[in-house]
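The values are calculated or read from the model by the stated rules, or taken from the named source; none is laboratory data. All values reported here derive from a predicted model rather than from experimental measurement. In this analysis, Cβ positions are derived from the backbone assuming ideal geometry, glycine residues included, and neighbour counts consider all displayed protein chains. For the accessible areas, the whole protein counts, side chains as well, though only heavy atoms, and no ligand, DNA or RNA atoms are used. Shrake-Rupley method; radii C 1.70, N 1.55, O 1.52, S 1.80 Å.
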Amino acid sequence: MLSRHADSSFWTGRYIERAEATARMIDVHYHFGLESPLVGDALRWSSILAVSGQEEAFAESNSRLDERSILQFFAFDQENPGSIHSCLRSARENARSIRDQISSEMWECVNRMYLDYQAWDVDRVLSTSPFAFFQRVKDGSHLFQGITNRTLMMGEARDFHDAGRFLERADQTARMLDVKYHDLLPRFAGGVGDTSGEGGPDPSSVGGPVDVHGWVAVLKSVGAFEAFSKTFRQGVSPGRVAHFLLLNPQFPASVRHSIGRIDGCLRRVSGNQDRGPKNEAEREVGRLYNDLNYMEADDIIANGLHEFLEDVQERCSDIGAAIFRTYLTY
């Protein structure tokens, strides 16, 4: 497979995932505001900027931090490379360049998503329903992923696409958990509590009462609330949320699951059947995956959750750079 085709496949998967993650993030913050009215708008919207790491870019083009400016910046700002509009446009351009490598149904889906999006602007969203708008974005992403799973041949194009998709997913999950951890429980410490799913108290809160609605919003932001509830029937706590989103091997949006999927994709591309890595990209992914496999949630909490999440984000960036150097430069 040509490097430029691999690059386009990788970024098509990554941009579609980023568009969905942005839609989820804003949608959940709307619900969070309704469920927790004591949380001010400034804190609610500022945390979105912190998740995306775009505080400075937002401040350069906006003088006010309010609902309208946040929607414009994250949904429709063509100058913001992380906006939903920019992600769909970039995904469409990358898919266009590899139309002979992907299925016609995939191209039609991403093209239709982009063209349908042109009918929306911030005024229409505010005058109708933000929830319905963001649901359309999420549904479009889910449709594209379903079509991809159904019609794209197993091979290098599929593996690079999935590697980009799961790398973006791991990074977004770590970012969301890191920011909400600071918003909701700045003095979080102690053990993870009972993570067995069999009941018992969770003693992890030492900074005051846990904002349950806020941690539910964290779970909903990555589509994990129902799966979490089936795993931990005794209720929501910070330790259980961190354990589930970081170390659960079966949930598709957990960091551990996502990194494991990337590891499998890269090993299929290189044909590596040995235990050890075959190149720099496999080495970076393998190190993080092994750490996650052999780590306990209590160890993460004891050593600092924020520090661990920052390290995960940096290592995701290193993995992306290693994949680029190994396969995508041309």
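Among the residues of region 222-242, what is the count of those that are under 15 Å from Lys180 (Cβ atoms) and part of a helix (DSSP H, G or I)?
Result for region 222-242: 7.
When you check Ala321 against the structure, is it of a type outside the set (D, E, K, R) and open to solvent by less than 40 Å² (accessible area, probe 1.4 Å), yes or no?
Answer is yes for this residue.
Can you find a residue that is under 19 Å from the mean Cα position of the chain (by Cα), part of a helix (DSSP H, G or I) and modelled with pLDDT of 95 or more anywhere in region 275-284?
no
Tell me yes or no: at least one residue of region 292-305 is under 20 Å from Asp171 (Cβ atoms), open to solvent by 30 Å² or more (accessible area, probe 1.4 Å), touching a residue at least 40 places away in the same chain (Cβ under 8 Å) and acidic (Asp, Glu).
no
Answer yes or no as to whether Arg256 is at pLDDT 95 or above and open to solvent by 20 Å² or more (accessible area, probe 1.4 Å).
yes
What helices (runs of 4 or more DSSP H) lie completely within region 108-213 and have 2 or more residues being of a type in the set (Val, Ile, Thr) and at pLDDT below 95?
122-127, 156-184
Is at least one residue of region 82-93 under 24 Å from Ile262 (Cα atoms) and open to solvent by 70 Å² or more (accessible area, probe 1.4 Å)?
yes
Which of (1) open to solvent by 70 Å² or more (accessible area, probe 1.4 Å); (2) under 18 Å from Gly164 (Cα atoms) is the odd one out, the single condition Asp100 does not satisfy?
(2)
When region 126-141 is examined, which residues are found to be surrounded by fewer than 20 Cβ atoms within 10 Å (Cβ to Cβ) and in contact (Cβ under 8 Å) with a residue 24 or more places away in the chain?
Scanning region 126-141 gives Leu126, Pro130, Phe131, Gln135, Lys138.
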